[in-house]
Structure formats: structure tokens, C-alpha cells
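Enquirer: Before I ask anything, here is the structure I am working with.
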Amino acid sequence: MHIMEGFLPPLHCLGWAGASAPFVVAGAIRLKAIVRERPRAKMTLAAAGAFTFVLSALKMPSVTGSCSHPTGTGLGAVVFGPAVMAVLGTIVLLFQALLLAHGGLTTLGANIFSMAIAGPWVSWAIWRLAGTLGAGTAVAVFLAAALGDLATYATTSVQLALAYPDPVSGVLGAMVKFGGIYAVTQIPLAIAEGFLTVVVMNALSGRADAADEIRSLAGEVK
Amino acid sequence: MMTKHRSWWLIAATIALVGAPLAVPGLGGAFKGSDDMGTEAIIAAHPGYQPWFQPIWKPPSAEVESLLFCVQAALGAGFLGYVIGRRHAGRNDVAGR
């Protein structure tokens, strides 16, 4: 999902940075509020950041014969809501842009939007929807993490299609082309991310399938 | 207990899912990174495209790059393990002593 340094036209860079900035600011405010109101949540917050750190470093092989990495943003989005992930995701993306030349500073806004905003918000929406429909915690978290991961890669495909529309088939055609590179490769990896998120959530809470598992992780109950 | 088993099954399924493309003949490929393939698709459609900004710093070799990726994963995994261990220690071991 990383758009490489210098590969988005300047106007697109500005546009995506402008779209992402308010989410990051709101996320920082939310993060401060959570730490102040629920000191018990601090460790889980850091663990959610750490989970994103690990998963986004792992480039895994996919059945399409290419490699891609999960994002790990679903866990934090489910436990704390999507806002805080804008901040945690930005930290990861900055680390990769500055130390790994993976992603970039000019494309940071676009990459934040796909990985740290679109993915987490989709995860959170799926989590709420699955809960409303009566899914158990594990199933809901699996779906949230897997579909959030896919949403991040779908967003990257849209971003690239908007910047580089196909001369014949236009933006839609380019979306299909970039979707073929990113989103299709990502399907098995998104499922893997869903599995791993359930495992790590259970390990973190130590109370798999308890009714208040997520709330205890969020530091809302003891 | 059942959920303990579930974690192991999920880990096994993850390994199978990620390992299958490597192990099953016919599923393989060059296993290039999708991020690089996206970049290549842009260049293929726009021959001669020059990125208008270069990374401020690049790892000098593939070895250094893989080192830094490992550092990223190790920092994350290390801290995650620390939190999980701390919580379990508080819950089980101390009570059992």
C-alpha cells in the first residue's frame, strides 16, 4: 500500500495530506484523552501500535505470486475506535519513510489516508455492524481486521488510479489495473491478518470469549 | 481451554495460508513486492516518468534494508510479547505460587 516517494503528483500529495491532517490531529486529541481517563489502557494502546509495527514489516507471499504486507491497524481500531490509529499508523509510516525509503514524505498524506484512516474506519464499522448482527467477538474481530486490511489496499488502488488514469479506460480502468496488483494479492494476506488479530487479541486480554473482553482491553473495566 | 486450542489452529491456518504459495507447485511466482509492482505499473504506463522527489536517505544495500525491516518487526514483537507476558504473569503464575 506504500506509494513511493515522488510518485504522486504534487497536487495529489497536497490533497491527501490535507485530507489526512484533521484525522491525525483528532486522533492525537483522542489518544491524550484515553491516556488521561483510562491509565489502564496505556499498555494496550502501546501493544496496538506494536502490532502495527510488526505486521507492516512482514512482507508475505501471496497466491498471486507476489508479496505484500498486512497493516495490523484493525486491532487498535476495534479496541479504541479508529481515531487513534491515525496517529499510531503515522508513526509506523514515518519510520518506514525515513529509515527504509519505503513510502515517502511527499506521499505520507496519501499513505496515512489508506493505512491509518480508511483501513481503521472500515475495521471499526465492520466491528460495529458484526456486533449488531449478533456475531461473536472473535468472528467480528476477524472480519474487522481482514476487511480493514483490504480497504487499505483498495484505497491505494483508487489513489493511484486518480493520479494515473488509463488513457483508454480512464480512472475506472486504472482502478481495475492497480486493484489487480494490490487488492487481489492482499486477499489471502487479509485473511491471515484476521487470524493473527484474533490470536493477539486473545493473548493480550487473557480472557478469550469473555463478554467484556474488548472493554477490558480498552481499560474500561477491570 | 477451547479458545486456547483455537489460537493454535488459527496460527497453523496462518502458516498454511502464507506457506502455500511457496510450497504448492503452480502457485508460485517471482514474489516481488506489490508496492514495487505498483511503481513499475506507473512507469510502464508513463515511460520516462521521473519521481519529482527522492527519499532523503536510502539504506545503502539490501542487507541494511532487511536489517532495518527486522528491527521494525523485532521492536514490535518484543514489546507485544512484553505486554502479553506481563499480563499473564499477573494473572496466572503469581496466583499459582
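Since every read-out is calculated from the coordinates, none of them should be taken as a lab result. These numbers were taken from a predicted model, which means no experiment stands behind them. Reconstructed Cβ throughout: ideal geometry from the backbone, glycine too, with neighbour counts over all protein chains shown.
Enquirer: Net charge within 14 Å of A:Phe178 by Cβ-Cβ distance, Lys/Arg positive one each and Asp/Glu negative one each, not counting A:Phe178 itself?
Expert: Charge balance in the 14 Å sphere: -3.
Enquirer: What is the local net charge at A:Ala83, summed over the other residues whose Cβ is closer than 12 Å to its Cβ (Lys, Arg +1; Asp, Glu -1)?
Expert: Values: positive: A:Arg30, A:Lys32; negative: none.
The answer is +2.
Enquirer: I've got another one for you. Which of A:Ala77, A:Ala19, A:Ala203 moves most in a GNM of chain A, Cα contacts under 10 Å?
Expert: A:Ala203
Enquirer: May I pose another question? Kindly provide the trypsin sites (Lys or Arg not before Pro) of segment A:12-51 that DSSP labels as loop, not H, G, I, E or B, and whose Cβ sees at most 16 other Cβ atoms within 10 Å. Write down the numbers at each step before the final one.
Expert: Details: sites: A:Arg30, A:Lys32, A:Arg36, A:Arg40, A:Lys42; in loops: none.
When the trypsin sites (Lys or Arg not before Pro) of segment A:12-51 are filtered for loop state and at most 16 Cβ neighbours within 10 Å, nothing remains.
Enquirer: Only four residue types carry charge here, +1 at the Cβ of Lys and Arg and -1 at the Cβ of Asp and Glu. Report the dipole size of chain B about the Cα centre in Debye, rounded to the nearest 20. Provide the component values of the computation, followed by the final result.
Expert: Working: 8 positive and 6 negative charges, 158 e Å.
Using Cβ point charges on Lys, Arg, Asp and Glu, chain B gives about 760 debye.
Enquirer: By what distance, in whole Å, do the Cα atoms of segment A:42-106 stretch along each of the three principal axes, largest value first?
Expert: Principal-axis extents of segment A:42-106 (Cα, largest first): 37, 29, 17 Å.
Enquirer: With just the Cα atoms of segment A:139-222, tell me how far they stretch along each of the three principal axes, in Å, largest first.
Expert: 58, 23, 14
Enquirer: Right, here's the next one. Whole-Å semi-axes of segment A:33-165's equivalent ellipsoid, largest first, each the root of 5 times a Cα gyration tensor eigenvalue? Don't skip to the answer; put the middle values down first.
Expert: Details: eigenvalues 115, 72, 39 Å².
In descending order the semi-axes read 24, 19, 14 Å.
Enquirer: A follow-up question, please. Can you work out the base-10 log of I(q)/I(0) for segment B:10-51 at q = 0.20 1/Å, using the Debye formula on its C-alpha atoms alone?
Expert: -0.71
Enquirer: Let me see the P(r) profile for segment A:1-41: every Cα-Cα distance counted, bins of 10 Å, each bin given as a percent of all pairs.
Expert: For segment A:1-41, the pair-distance distribution reads 24, 33, 23, 17, 3.
Enquirer: Sticking with this one: Hydropathy at least 0.0 by Kyte-Doolittle, axial extent at least 27 angstrom from the Cα trace: which helices of chain A, defined as entire DSSP H runs, fit?
Expert: Details: long enough: A:10-37 (40 Å, 0.84); A:137-163 (39 Å, 1.42); A:170-205 (48 Å, 1.41).
Span-like helices here: A:10-37, A:137-163, A:170-205.
Enquirer: Sort A:Cys13, B:Cys70 so the one with the fewest other Cβ atoms within 10 Å of its own Cβ comes first.
Expert: Details: A:Cys13 23, B:Cys70 11.
Result, fewest neighbours first: B:Cys70, A:Cys13.
Enquirer: Where Lys and Arg each count +1 and Asp and Glu each count -1, what net charge lies around A:Pro39 among other residues with Cβ under 14 Å from its Cβ?
Expert: Working: positive: A:Lys32, A:Arg36, A:Arg38, A:Arg40, A:Lys42, A:Lys222; negative: A:Glu37, A:Glu220.
After counting each charged neighbour, the total is +4.
Enquirer: Could you quote the convex hull projected area for chain B, Cα atoms only and averaged over all directions, in nm²? Could you put the intermediate results ahead of the total?
Expert: On the way: hull surface 46.1 nm².
Result: 11.5 nm².
Enquirer: Would you mind checking the tilt of helix B:62-88 against the longest principal axis of the Cα atoms of chain B, expressed as 0 to 90 degrees and rounded to 10?
Expert: So the helix axis and the longest Cα principal axis differ by about 20 degrees.
Enquirer: What list do you get for A:Ser205, A:Ser114 if you sort them by fewest beta carbons within 10 Å?
Expert: Working: A:Ser205 21, A:Ser114 27.
Ascending Cβ contact count within 10 Å gives the list A:Ser205, A:Ser114.
Enquirer: Could you list B:Phe69, A:Phe23, B:Phe31 so that the one with the fewest beta carbons within 10 Å of its beta carbon is first and the one with the most is last?
Expert: B:Phe31, B:Phe69, A:Phe23
Enquirer: In chain B, with Lys and Arg counted as +1 and Asp and Glu as -1 at Cβ, which of these residues, B:Gly85, B:Leu27, B:Trp57, has the Cα nearest the positive end of the dipole, that is, farthest along it?
Expert: B:Gly85
Enquirer: Something else now. Please list, short to long, the whole-number percent of alpha-carbon pairs of the protein assembly as shown in consecutive 20 angstrom bins beginning at zero.
Expert: So the P(r) values, bin by bin, are 33, 58, 10, 0.
Enquirer: Total Lys pairs in the protein assembly as shown closer than 29 Å by alpha-carbon, pairs eight or more apart in sequence or interchain only?
Expert: 13
Enquirer: Averaged across the residues of B:75-87, what count of C-beta atoms belonging to other chains lies within 10 Å of each residue's C-beta? If you can, show how the numbers build up before the last one.
Expert: Working: counts 5, 13, 7, 3, 8, 11, 3, 4, 10, 8, 1, 1, 9.
If you average over the peptide's residues, the count of other-chain Cβ atoms is 6.
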